[in-house]
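Each remark here refers to the structure printed beneath this line.
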Amino acid sequence: MGRNVFCLRAKSAILLSAFLLASPAFASHVHRGPTAGAIHHSHRLLRHHSRRVRGQQAIEPDRVMQIQQALIGQHYLSGEPTGKWDATTIAAMQKYQADNGWQTKLTPDSRALKKLGLGPDYSTAINAKDSSFAAPPPANTIPADQAAGFAVASGVKQ
């Protein structure tokens, strides 16, 4: 009789183990940790999120014509301006920048544009109506008391 009880207990233990192992396969809902879906969710957002391109993407044809005319005037480009930012124009701009000791990877460099006479034009600015873009007067024409006031305000010791 002792042997039958042992076999019955062993069979019961095996059946109970089999039931416990098989029950998750038949479950309607599997519990996941609080961050289990978050990782996948963030990847989905990144996949569907398109990057917004910012800033100027191309040089306007009118501006390219100005740059080409200036490069022709400086003998870095030959022919007639086309308004197309092509390989010849890029090479001429890079050569001009390299000759002046400026970067050549990105074109055009603002210093190069200024030196070519293509810097910003403030003549149509709101506050430019009655302004003069002439050079400032020589320092010796500034009244002494005014110059002293500037020096005190700026912290410069005389």
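Considering only segment 104-158, how many residues are among the charged types (D, E, K, R), more than 30 Å from the chain's Cα centre (by Cα) and modelled with pLDDT under 75?
Filtering segment 104-158 for residues among the charged types (D, E, K, R) gives 105, 109, 111, 114-115, 121, 129-130, 145, 157.
Remaining after also requiring more than 30 Å from the chain's Cα centre (by Cα): 129-130, 145, 157.
Pick out the ones that are also modelled with pLDDT under 75 and you get 129-130, 157.
Final tally of qualifying residues: 3.
Count, please, the residues in segment 52-73 that happen to be surrounded by 14 or more Cβ atoms within 10 Å (Cβ to Cβ) and not aliphatic (A, V, I, L, M).
The number of residues fulfilling the criteria is 4.
Residue by residue through segment 79-97, note down the ones that are buried (at least 16 other Cβ atoms within 10 Å of the Cβ), hydrophobic (A, V, I, L, M, F, W, C) and farther than 10 Å from residue 61 by Cβ.
Passing the criteria: 92, 93.
Applying the selection to segment 99-129, what residues are hydrophobic (A, V, I, L, M, F, W, C) and either surrounded by fewer than 12 Cβ atoms within 10 Å (Cβ to Cβ) or outside any helix (DSSP H, G or I) (or both)? If you could, list the steps in order and put the result at the bottom.
The initial filter retains those residues of segment 99-129 that are hydrophobic (A, V, I, L, M, F, W, C), namely 102, 106, 112-113, 116, 118, 125-126, 128.
Once the filter is applied, which keeps residues that are hydrophobic (A, V, I, L, M, F, W, C) and either surrounded by fewer than 12 Cβ atoms within 10 Å (Cβ to Cβ) or outside any helix (DSSP H, G or I) (or both), segment 99-129 yields 102, 106, 116, 118, 125, 126.
Of these, 37, 33, which one is assigned to a helix (DSSP H, G or I) and modelled with pLDDT under 65? Walk me through how you get there before you give the answer.
Details: 33 fails: assigned to a helix (DSSP H, G or I).
That would be 37, the only listed residue that is assigned to a helix (DSSP H, G or I) and modelled with pLDDT under 65.
The values are calculated or read from the model by the stated rules, or taken from the named source; none is laboratory data. Being a predicted model, the structure only gives us computed values, none of them experimental. A quick note on method: Cβ atoms are made from the backbone with ideal geometry, for glycine too, and the neighbour counts reach across all protein chains shown.
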